[in-house]
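Working notes for the structure below.
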Number of protein chains: 2
Amino acid sequence: MQITDIREQSVAMGAAMRNAVIDFSKMTVSAVAVVTDVMRDGKPVIGYGFNSNGRYAQGEIIRARLAPRILALSSEEQQNAAGDNIDPARLRAAMLQNEKPGGHGERAVAVAAVEIALWDAAAKIADVPLWRMIGGDEAESRVFVYAAGGYYDAEKGILGLVEEVRGYLAQGYTWAKIKIGGASLEEDMRRIEAVLELLGGDGSRLAVDANGRFDLQTALKYSAAMAPYNLRWFEEPGDPLDYELNAEIVRNYPNAVATGENLLSLQDATNLIRHGALRRSTDYLQFDPALAYGVTETIAITAMMEAEGWSPRRFIPHGGNLLALALTGALNLGGCESYPGVFQPFGGFADDTPIEDGYVSLPDAPGIGFEKKAALYEVLLGLS
Amino acid sequence: MQITDIREQSVAMGAAMRNAVIDFSKMTVSAVAVVTDVMRDGKPVIGYGFNSNGRYAQGEIIRARLAPRILALSSEEQQNAAGDNIDPARLRAAMLQNEKPGGHGERAVAVAAVEIALWDAAAKIADVPLWRMIGGDEAESRVFVYAAGGYYDAEKGILGLVEEVRGYLAQGYTWAKIKIGGASLEEDMRRIEAVLELLGGDGSRLAVDANGRFDLQTALKYSAAMAPYNLRWFEEPGDPLDYELNAEIVRNYPNAVATGENLLSLQDATNLIRHGALRRSTDYLQFDPALAYGVTETIAITAMMEAEGWSPRRFIPHGGNLLALALTGALNLGGCESYPGVFQPFGGFADDTPIEDGYVSLPDAPGIGFEKKAALYEVLLGLS
């Protein structure tokens, strides 16, 4: 059993919208194929992976550093002890040879894209869905999802924003998230109030996301203005690595704070838990498996949270793709982000699993289930 | 005045040695040229830059993300308010458009390589050395340097290690630094004792570097074993982002701890100061300008240190190149690392500035002075 090739292609994500910080129109993603010599139905088993949105494609790191370290290993070195499958954790360690500690940025994204493909291949070789392979009997086959959208669009205006959220409800979602911080505080409050009116004033069904834009004073002003709405959460008030700022917001905002998508490693996640003053009973963590070194690191992050007294239900990963969904089911996380209609074809879930009452079923296919999303699978097949 | 081209080339660094964590034989560096339409002596002014060692070349980020954002700007947008030079701080901001906060890794390295070239061009256009341009009358034209080496080499053994350090003393250095953590504690103590014997038992002239390898228990064992030697510093005991571990070492080790080379941003540096329990009177900080977003970020890091009550003398940057030397002189830092004979041709200083009593003079040439190091300039000219 041997990995014979690792292929990468940079793919445009085609998302013409902006949040408080970035414009997604030039965003790219690395799509990865890990080709094995294991045959199924006369064809080699191929594992697929890609990184999540927001951090660009990482082809150079994959081609120059990560792939050669895996392909240099012997068949025995690529396998698990039983010799009946490839060993993603071992291959991940090989990818990190000759890499210095710290500086968790693009490398974490590149490793994630490849490591996800390794796990997809391993689950296909074992002929089980990844969520079942990792979660065993405890895995959940149906997972809560919420609709993340509400990007700024001058032409759409507040009426368009409300229509957008109405559309999510029609699709079966029960909560939504919209952006803040890309307009004045007054304009942002009008946006929130308009959506809350649609939701019958139920703040627990609406989250807001500042994408790390605010300094402390602005974040505190927003905290005070938003407190009466009892929103689901206030996401990324300030710089995601500014734990002291985060702690100050938490001390001044009565409702939930949510953060973590821009912390790309177990060590950064641990620092947030240690220094960010987040509350186990109130706040949410949103680490993104497809930005932060992949599956093995996400399992370790979840274990760290539990060791620190956090329920995995407080972890609702960023990303909105089939891999995040699989890990949510496997690790009994609290739910999974979803971006209806954007970040295509990488965002979204299987074609035959509609959203119902805010939940979606996990695909019952070997691997992560990318084959169950036709538009995505077509792109991945381009790597073959 | 316009930047007409930004070129990048990945160059092998040719350093066949290893520390406790990585083998440098496959290390690469991005060399960058920023070409302007400003003419001097009938030729266009070209600024040069490169990233520091340990984090690999970053051509894809430069070509796909950073360079297009600068080249898309108009002449006016590239210039300072007076219109008499390019504006590196403004161009740096342009490079960071559409980049999410957090995740400071390869991007910080790529921005550094380009931003250093922008500053080299700006100082050449102003016809002054960069250290004088930034530091003004307060700048120091002669800077303390220490010899970093003592890598593991099975063939060389302890005798070879002592010979290596003897060579540094003969070259004019007064302190040396050697690696620990790549052998057993007992073997590492024999290495330390052998070098100390050469140094007349003066621990203040010897630092040791674990390259972030140790867990807390191992770091504490080394702390206890090394305390009697009164070494200059114990560098990177554990994971560079594990502030709690760092704080625990500081509380248990009487002599200086030094760290920071693997923190690649102002925010990470601020977190270390806030959460790492380092002592203003004892410890050292080693942020690397050519890994951590470049000159502007290093000026900001130094200002943050001063605002937190730290003397800039406690900042002794990692890197061992002419850019780190220029910033050490400009910002009155405590000294600068040097890697005699390795990381060539990027490591080291001007050809005509020998080390004398542990000090080296800054090149009196416009820009950073890369032209004063023939082997380096030859590589950079390959970009023209």
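Read-outs throughout are calculated quantities, based only on the coordinates presented, and are distinct from any laboratory measurement. Since we're looking at a predicted model, the values are computed, not measured. Backbone-built Cβ (ideal geometry, glycine too); neighbour counts: all protein chains shown.
Here are the numbers for the structure shown:
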| item | result |
| --- | --- |
| Within chain B, helix-based [θ] at 222 nm, where runs of 4 or more DSSP H residues each add -39,500 (n - 2.57), nearest 500 | -10500 deg cm²/dmol |
| Entries of A:K156/A:K177; A:K26/A:K221; A:K26/A:K124; B:K177/B:K221; A:K100/B:K26 with Cα pairs more than 25 Å apart | A:K26/A:K221; A:K26/A:K124 |
| Between helix A:185-198 and chain A: long-axis angle, C-alpha atoms, 0 to 90°, nearest 10 | 80 |
| Rotationally averaged projected area of the stretch A:3-128 (alpha carbon convex hull; nm²) | 9.0 |
| Binned Cα-Cα distance frequencies in the protein assembly as shown - 10 Å width, integer % | 3, 14, 23, 25, 20, 12, 4, 0 |
| Helix B:243-252 vs. chain B, principal-axis angle (Cα, 0 to 90°, nearest 10) | 40 |
| Label point 7 Å beyond Cα along the C-beta direction, distances from A:R63 to other copies (nm, shortest first) | 0.7 |
| Cut-off of 10 Å, at most 14 other beta carbons, DSSP loop: longest stretch of chain A lacking such trypsin sites (Lys or Arg not before Pro) | A:1-278 |
| Diffusion coefficient, µm² s⁻¹, Stokes-Einstein with Kirkwood Rh over alpha-carbon pairs of the stretch A:223-285 at 25 °C and 0.890 mPa s | 210 |
| Bins of 5 Å, starting at 0 and running to the largest distance - Cα pair percent for the stretch B:293-384 | 3, 13, 23, 24, 18, 11, 6, 2, 1 |
| Label point 7 Å beyond Cα along the C-beta direction, distances from B:P354 to other copies (nm, shortest first) | 8.4 |
| B:M189, A:M305 arranged by Cβ crowding within 10 Å, fewest neighbours leading | B:M189, A:M305 |
| Gap separating the Cα centres of the stretch B:45-73 and the stretch B:164-191, nearest whole Å | 35 |
| Stokes-Einstein D in µm²/s, Kirkwood radius over Cα pairs - chain B at 4 °C with 1.567 mPa s viscosity | 62 |
| J(HN,Hα) series, the stretch A:208-225, from Karplus relation 6.51 cos²θ - 1.76 cosθ + 1.60, nearest Hz, glycine and proline x | 10, 9, 8, 6, x, 7, 7, 7, 4, 5, 5, 4, 5, 4, 5, 4, 5, 5 |
| Chain B, rotation onto A, residue closest to that axis via Cβ, with its distance in Å | B:G105, 1 |
| Share, in percent, of DSSP beta bridges within the protein assembly as shown that are antiparallel, nearest 5 | 55 |
| Convex hull projection area averaged over all views, the stretch A:88-228, Cα basis, nm² | 12.7 |
| Label geometry 7 Å along the beta-carbon vector: A:G42 inter-copy distances in nm | 7.2 |
| Normalised contact order of the stretch B:101-195, rounded percent, pairs of Cα under 8 Å and 6 or more residues apart | 24 |
| Shielding of B:90-102 by partner chains, average beta-carbon count, 10 Å | 5 |
| Least to most buried among A:E8, A:E138 (fewest other Cβ within 10 Å first) | A:E138, A:E8 |
| Length added when fully stretched, A:S184-A:E308, from 0.36 nm per residue minus Cα-Cα | 40.9 nm |
| Tilt relative to chain B, helix B:295-307 - C-alpha long axis, 0 to 90 degrees, to 10 | 50 |
| Candidates per GluC sites (Glu not before Pro) in the stretch B:292-364, loop by DSSP, up to 16 other Cβ within 10 Å | B:E308 |
| Residue among A:W310, A:A147, A:F287 farthest towards the positive dipole end of the stretch A:134-372, charges placed on Cβ | A:W310 |
| Relative contact order computed over the stretch A:320-384 (Cα-Cα under 8 Å; 6+ residues apart), in percent | 30 |
| Length-normalised contact order of chain A in % [C-alpha pairs under 8 Å, at least 6 apart] | 20 |
